[in-house]
Amino acid sequence: MSERERQIVDGAIQFFASNGFGGQLRDLAKSIGVTHALLYHYFPTKQALIDRVYLDVFEGRWRDSWDALLDDPKIEVEDKFTAFYADYVNNALSREFVRILMFSGLMDHTITDRFFAMLRERLFPRLIRETRRFRGSTSRAKPSERELELLMGLHGGMFYISIRHWIYGQDVHSEAVQETCDEALVRDRVRSYLMASRELLNLTPKKPAR
């Protein structure tokens, strides 16, 4: 990527994070400090630029090391979940990530649909498999609605940490330095999720009394 194209993409990320996707490319070009013609040269449509922003902010921030961490059978489930989400919240869920995802969800879902498709492919199956391992289950069956909703409570709770900070402008009650989420806070949520999973999903229906 050329230096000029990098300037445009970086400027677009900041513009969309602050203003959403309703603005015109002419306004975007002005905010970046380039001509509309130059912007058009690299990105002839707004959608082309949005697609490039998606790759940079969302897919580009996904780390292969997260897949390796979650697939490592030598690491305890609670430890690997804690390590993953501490890194995910602190390094992926930036101001730009959170605000662009929210704006997309309020507009046309272009970015949200692509991002959640990636999560359903790369993350959620791993988390379900490891949650079952924590419960002592080796089942490879399709996740039940109950399993998925319990998992969404964990994942959504992690995302909400960043929403409080980058959308609501509220403090996060963390012992870490400002603008980060400490491991203890993450571990509390992970442990609560795993304990709830073991308590709720290991239950077998009682036979009716005769």
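The values are calculated or read from the model by the stated rules, or taken from the named source; none is laboratory data. All figures in this text were calculated on a predicted structure; none of them were measured in a lab. When we count neighbours, we look across all protein chains shown, and the Cβ atoms used for this are built from the backbone with ideal geometry, even at glycine. To get the accessible areas, we keep the full protein, side chains included, count just its heavy atoms, and leave off ligands, DNA and RNA. Shrake-Rupley method; radii C 1.70, N 1.55, O 1.52, S 1.80 Å.
For residue 45 and residue 163, what is the calculated FRET efficiency with R₀ set at 25 Å and r taken between the beta-carbons, to the nearest 0.05?
About 0.25, to the nearest 0.05.
With label points built 7 Å along Cα→Cβ from the Cα atoms of residue 72 and residue 135, find their separation and express it in nm.
2.6 nm
Can you tell me the dipole magnitude for the chain around its Cα centre, using point charges on the Cβ only (Lys, Arg +1; Asp, Glu -1), in Debye to the nearest 20? Don't skip to the end; give the middle numbers.
Details: 31 positive and 30 negative charges, 201 e Å.
Dipole about the Cα centre, nearest 20: 960 debye.
Identify, among 94, 83, 66, the residue whose Cα sits farthest towards the positive end of the charge dipole of the range 65-106, taking +1 on the Cβ of Lys and Arg and -1 on the Cβ of Asp and Glu, with the dipole about the Cα centre.
94
Scan the chain and report its longest stretch carrying no GluC sites (Glu not before Pro) that are both in a DSSP loop and have at most 13 other Cβ atoms within 10 Å.
So the longest stretch without any such site is 77-174.
Would you rank 51, 182 by solvent-accessible area, highest first, keeping every protein chain in place and using a 1.4 Å probe?
51, 182
Using the basic label-point model (7 angstrom from Cα toward the beta carbon), what is the residue 200 to residue 19 distance in nanometres?
Roughly 4.3 nm, to one decimal.
Mind giving me the FRET efficiency for residue 108 and residue 152? R0 is 30 Å, r the Cβ-Cβ distance, nearest 0.05 is fine.
That pair, residue 108 with residue 152, gives E of 0.85.
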